[in-house]
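Just below is one structure, and these are the notes that go with it.
The values are calculated or read from the model by the stated rules, or taken from the named source; none is laboratory data. Only a predicted model underlies this, so the values are computations on that prediction, with no experimental measurement involved. Cβ atoms come from the backbone with ideal geometry, glycine included; neighbour counts cover every protein chain shown.
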Amino acid sequence: MGKILNWNELKEAVDRLKADGKKIVFTNGCFDIIHIGHIRCLKEAKALGDVLVVGLNSDRSVSLIKSNRPINPQNHRAEILSSLEMVDYVILFDEETPYELIKLLQPDVLVKGGDWKKEDIVGSDIAKKTYSLPYVKDISTSGIIERIKRL
């Protein structure tokens, strides 16, 4: 079994891991153009538990929340994320938010980047702990795209 799973496969894996006493950490995002802010957030998220699950917005989901995006298709974004050593599992979700996925998985820890207020993080009512990690100043996918457009 690889790192990119469907909802049923991931639910089974997470249930087994929890039964073994593992702490499950969940984060999510579009991860359209991976940058240092993403890498730092994923490393810090992994350090908060034993298993890091990354919920990845599908192409449809990204198009609902970002104009003219995604740049990279979901299968490419999923493969890139799954190649990172700190990421244990990648799961695509098609909705605007990962609330139903978080409800299904019941992670111990929920993590987002520092541009999110803790009380605004979707699923914070489900996870035992929620963290808004430090934001890397002046680094964002939108900012990178704007710089490229100016070239």
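Data for the structure
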| read-out | value |
| --- | --- |
| Residue count for segment 37-55, restricted to those that are surrounded by fewer than 18 Cβ atoms within 10 Å (Cβ to Cβ) and closer than 20 Å to Pro73 by Cα | 1 |
| Residue check for Leu52: of a type outside the set (Val, Ile, Thr), assigned to a strand (DSSP E or B) and within 14 Å of Leu81 (Cβ to Cβ) | yes |
| Options Leu42, Leu110, Leu84, Leu92: the member that is among the aliphatic types (A, V, I, L, M) and under 19 Å from Asn8 (Cβ atoms) | Leu92 |
| Filter pass, Asn72 being at positive phi and modelled with pLDDT of 80 or more | no |
| Qualifying residue in segment 16-32 (condition: surrounded by 20 or more Cβ atoms within 10 Å (Cβ to Cβ), assigned to a loop (DSSP other than H, G, I, E, B) and touching a Pro at 6+ places or on another chain (Cβ under 7 Å)) | yes |
